[in-house]
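Participant: Supplied in structure tokens, the structure appears directly below.
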Amino acid sequence: MADRMSPEARSYTMSRIRSSGTKPELLLGELLAEYVPPGVQLVHQADDLPGRPDWWIPALGLVFFADGCFFHGCPKHFIVPDQNQAYWLSKIKRNRLRDREVDKQLKELGLRPVRIWEHDLVANNLRNARRRIREALKAASVVASGNNQPSRGGTNKHQDRIHDHSAGRE
């Protein structure tokens, strides 16, 4: 099937797709704010960590990603576009390899990555996302119970920076 858009229109449409500040990412932040106790820092867009996690809880060594079903190749929802199939298959394969490499790098830093699919971050279907968050927090709390320091050693330039705009934390 041919693309119904001109190359210029398709280019413009694709350029409008954001990599941060997406609805799933912001909803993930709202859910985390429900479960993270007051006083525990919740960092939005941890720029200095591999993969630039959407959310980071330094005291628990947890990082969260809201992975889009299309660009991360969700096994339930990814459909290869009719146009440029070879490009898209290669692109998604590279994205998935990068995700695995980022997870490996984060684990080497003593952090635990948690990836939640976009389809689990829709307002009428948050059960799986809530469960994954609770499980991650419970596991991290057990690990961190005797140590309230970030799992990642050394100083932390994010200590004074909390970016959870949706929950009003500052």
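Residue-by-condition table, conditions (1) part of a helix (DSSP H, G or I); (2) closer than 27 Å to Val36 by Cβ:
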| site | (1), (2) |
| --- | --- |
| Trp56 | no, yes |
| Val63 | no, yes |
| His72 | no, yes |
| Ile79 | no, no |
| Tyr87 | yes, no |
| Asn95 | yes, no |
| Asp99 | yes, yes |
| Gln105 | yes, yes |
| Ala129 | yes, yes |
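Participant: I need the full set of residues from region 14-30 which are assigned to a helix (DSSP H, G or I) and at pLDDT 55 or above, in order please. Explain how you work it out, then say what you get.
Facilitator: Step one: list which residues in region 14-30 are assigned to a helix (DSSP H, G or I), which gives 14-15, 23-30.
Residues satisfying the conditions are Lys23, Pro24, Glu25, Leu26, Leu27, Leu28, Gly29, Glu30.
Participant: Any residue in region 82-95 that is surrounded by 18 or more Cβ atoms within 10 Å (Cβ to Cβ) and among the β-branched types (Val, Ile, Thr)?
Facilitator: Going through region 82-95, the residues surrounded by 18 or more Cβ atoms within 10 Å (Cβ to Cβ) turn out to be 88.
Of the ones still in play, those that are also among the β-branched types (Val, Ile, Thr) are none.
The answer is no; no qualifying residue exists.
Participant: Oh, and also: Going through region 110-127 one residue at a time, which ones are part of a helix (DSSP H, G or I), free of Cβ contacts under 8 Å to residues at least 60 places away in the same chain and under 15 Å from the mean Cα position of the chain (by Cα)?
Facilitator: Our first condition is that a residue be part of a helix (DSSP H, G or I); within region 110-127, this holds for 118-120, 127.
Of the ones still in play, those that are also free of Cβ contacts under 8 Å to residues at least 60 places away in the same chain are 119-120, 127.
Correct list: His119, Asp120.
Participant: Sticking with this one: Restricting to region 35-54, name every residue that is in contact with a helix residue (DSSP H, G or I) (Cβ under 8 Å, 6 or more places away or on another chain) and outside any strand (DSSP E or B).
Facilitator: Initial filter on region 35-54 (in contact with a helix residue (DSSP H, G or I) (Cβ under 8 Å, 6 or more places away or on another chain)): 35-36, 40-44, 49-51, 53-54.
Answer for region 35-54, where residues must be in contact with a helix residue (DSSP H, G or I) (Cβ under 8 Å, 6 or more places away or on another chain) and outside any strand (DSSP E or B): Tyr35, Val36, Val40, Gln41, Leu42, Leu49, Pro50, Gly51, Pro53, Asp54.
Participant: Which ones in region 28-72 are closer than 30 Å to Tyr87 by Cβ and open to solvent by 50 Å² or more (accessible area, probe 1.4 Å)?
Facilitator: Listed by number, the residues that qualify are Asp47, Arg52, Phe70, Phe71.
The values are calculated or read from the model by the stated rules, or taken from the named source; none is laboratory data. Being a predicted model, the structure only gives us computed values, none of them experimental. No Cβ is skipped: glycine too gets one built from the backbone with ideal geometry, and neighbour counts run over all protein chains shown. Surface areas here come from the heavy atoms of the whole protein model, side chains and all, with no ligands, DNA or RNA. Shrake-Rupley method; radii C 1.70, N 1.55, O 1.52, S 1.80 Å.
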